[in-house]
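The structure appears right after this line, and notes come after that.
The values are calculated or read from the model by the stated rules, or taken from the named source; none is laboratory data. Note that the structure is a prediction, hence the values are computed from the model and not measured. Cβ placement follows ideal geometry from the backbone for every residue including glycine, while neighbour counts extend to all protein chains displayed. What goes into the accessible areas is simple: the full protein's heavy atoms, side chains included, and nothing from ligands, DNA or RNA. Shrake-Rupley method; radii C 1.70, N 1.55, O 1.52, S 1.80 Å.
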Amino acid sequence: MEGKKEHQTKTDRITIKADGALVVPNIPVIPFIEGDGIGPDIWAASRLVFDEAVRMAYVDQRKIEWKEILAGEKASSKTGNPLPEETLQAIKDHVVAIKGPLTTPVGKGIRSVNVALRQKLDLYACIRPIRYIKGVPSPMKYPEKVNMVVFRENTEDVYAGIEWEAGSDEAEAVIDFFNDRMKVDVRKASAIGVKPMSEIASRRLVARAIQYAVDHDLPSVTLVHKGNIMKYTEGAFMRWGYEVAREVFKDRIVFESDLGEGPGVAVPPGKIVIKDRIADMMFQQVLLRPELYHVIATPNLNGDYLSDALAAQVGGLGMAPGANMGDGCSVFEATHGTAPKYAGKDKANPLSLILSGVMMLQHLGWQEAAYAIEHAVEKTISEGLVTYDLARQMQESRELKCSEFGEALVERL
Ligand code: NAP
């Protein structure tokens, strides 16, 4: 900018040190995928907020250099491939990326662009913080008691994509193998799906969840599983989870089962309680006693259901942020889909993507910019300025377009 020669101008890549810590330059290049459907609308509003928050927090000393990369419909129409190799390489090279929602083109040989992206980059932890923002309409009496972070395993379980259609040669061959070799009884002409769950994937997910509790000084980590029925998959997830807790974090944790029962039970100071809950029971726990849960570690399918149900408790999917993280790189993303009926209408709520960006700024260590956005979100909503999805649930509110909501946030940064 004219007359401000002291400003930083050199862009650079984010890198990772051997211990996993990020090295973030003052002007990092961050790839973004705009997304399909409502993607362009919510991205435009979000980018404005990110840029202004960074500019105001660091008085032009820091800035994000955005680099567009293609996936979904835009990539299909330009390259014929919904998930081009250059996109994956750009995320690997730049370590941190952010994305809007993506449509998977029907019949193009790829099950889901989102699932493929997570699997190809080994983004094994889907992290979804669920926290109530004051003023947001909620079906809960005390939504402020909900304050959890869900760590959902992202690479295996029934999401591994190993399944065969009923009546196909493959399904019949697997059924024959089960019936003849394994001596179990599977009905002929059944559809078949496979649920692989490994020790390595379960342990690294639970270790990441416990490390998060350590880093953020949180009181508990709950392993959510369905091990009472699926003993060798979900039951093993729980067992491996307890093992990694004992082996890696033994000085920091205590098992709930060792604490005894009753109202007088005291947790030793500084210790994180490791506990487990059966998945179906957990759905009523988070409704009736949400204050007892802080970090949740769970396999893929449980995590999918539970994180969306929790999002509904604090305002719905239009506001729920998320990140997919591996040991190498991280992709921050809106958790809802492309909401095609609102595409191009400048109507959708950009908060899911904006709050995912807040997670990204925290990950970069740019806490001041992250805090400024969180504060602006609370202030804007408490003034009753919201997009259609919240306006229809709030008696006293003014409905803003997606872009107007972004501008209202910027004014309150
Ligand atoms: P969706 O796109 O999430 O939309 C379902 C409904 O949720 C919308 O009609 C709207 O409800 C509400 N909603 C979602 N995002 C919103 C926002 N930002 N602001 C306000 N309301 C919002 O789910 P879908 O219709 O099942 O999926 C559509 C496409 O998205 C599919 O192709 C699917 O594969 C894809 N998808 C992508 C991702 C991803 O990229 N991570 C995730 C899920 C789905 P109302 O109509 O009630 O207003």
Practice item. Of the numbered conditions (1) out of contact with any His (no Cβ under 9 Å at 6 or more places or on another chain); (2) at pLDDT 95 or above; (3) open to solvent by 20 Å² or more (accessible area, probe 1.4 Å), A90 fails exactly one; give the number of that condition. Key: (3)
Point to revise | Which listed residue is more than 13 Å from the ligand (Cβ to nearest atom), of a type in the set (S, T, N, Q) and under 25 Å from E407 (Cβ atoms), from Q119, Q61, Q89 | key: Q61
Check your understanding: Can you list the strands (runs of 3 or more DSSP E) found entirely within segment 222-303 that contain at least 2 residues being open to solvent by 40 Å² or more (accessible area, probe 1.4 Å) and of a type in the set (D, E)?
Key -> none
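Among the residues of segment 334-347, are any more than 16 Å from the ligand (Cβ to nearest atom) and not β-branched (V, I, T)?
Within segment 334-347, the subset more than 16 Å from the ligand (Cβ to nearest atom) is none.
No, every residue in segment 334-347 fails to be more than 16 Å from the ligand (Cβ to nearest atom) and not β-branched (V, I, T).
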Practice item. Report, ordered by the first and then the second residue, all pairs with beta carbons closer than 7 Å, sequence separation of six or more or different chains, a first member in segment 392-413 that is at positive phi, and a second member that is open to solvent by 50 Å² or more (accessible area, probe 1.4 Å). Key: none
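So in segment 316-333, with the set limited to residues that are small (G, A, S), in a loop (DSSP other than H, G, I, E, B) and away from the ligand (no atom under 12 Å from the Cβ), which one is surrounded by the most Cβ atoms within 10 Å (Cβ to Cβ)?
Let us first name the residues in segment 316-333 that are small (G, A, S), namely 316, 318, 320, 322-323, 326, 328, 330.
With the extra rule that they be in a loop (DSSP other than H, G, I, E, B), the set shrinks to 316, 320, 326, 328.
If we keep only those that are away from the ligand (no atom under 12 Å from the Cβ) as well, we get 326, 328.
Details: G326: 18, G328: 13.
Across segment 316-333, the extreme among qualifying residues is G326.
Quick one: would you say A75 is assigned to a helix (DSSP H, G or I), away from the ligand (no atom under 16 Å from the Cβ), farther than 30 Å from S202 by Cα and in contact with a helix residue (DSSP H, G or I) (Cβ under 9 Å, 6 or more places away or on another chain)? First the steps, then the outcome.
Values: assigned to a helix (DSSP H, G or I): yes; away from the ligand (no atom under 16 Å from the Cβ): no; farther than 30 Å from S202 by Cα: yes; in contact with a helix residue (DSSP H, G or I) (Cβ under 9 Å, 6 or more places away or on another chain): yes.
Spelling it out, it is not the case that A75 is assigned to a helix (DSSP H, G or I), away from the ligand (no atom under 16 Å from the Cβ), farther than 30 Å from S202 by Cα and in contact with a helix residue (DSSP H, G or I) (Cβ under 9 Å, 6 or more places away or on another chain).
Can you say whether I200 is open to solvent by 60 Å² or more (accessible area, probe 1.4 Å) and either among the basic types (K, R) or at pLDDT 95 or above (or both), as far as the supplied structure shows? Steps first, answer last, please.
Details: open to solvent by 60 Å² or more (accessible area, probe 1.4 Å): yes; either among the basic types (K, R) or at pLDDT 95 or above (or both): yes.
Yes; evaluated as a whole, the condition is true for this residue.
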Practice item. Collect the residues in segment 348-388 that are within 16 Å of the ligand (Cβ to nearest atom) and either farther than 15 Å from S46 by Cβ or basic (K, R) (or both), keeping them in residue-number order. Key: I381, L385, V386, Y388
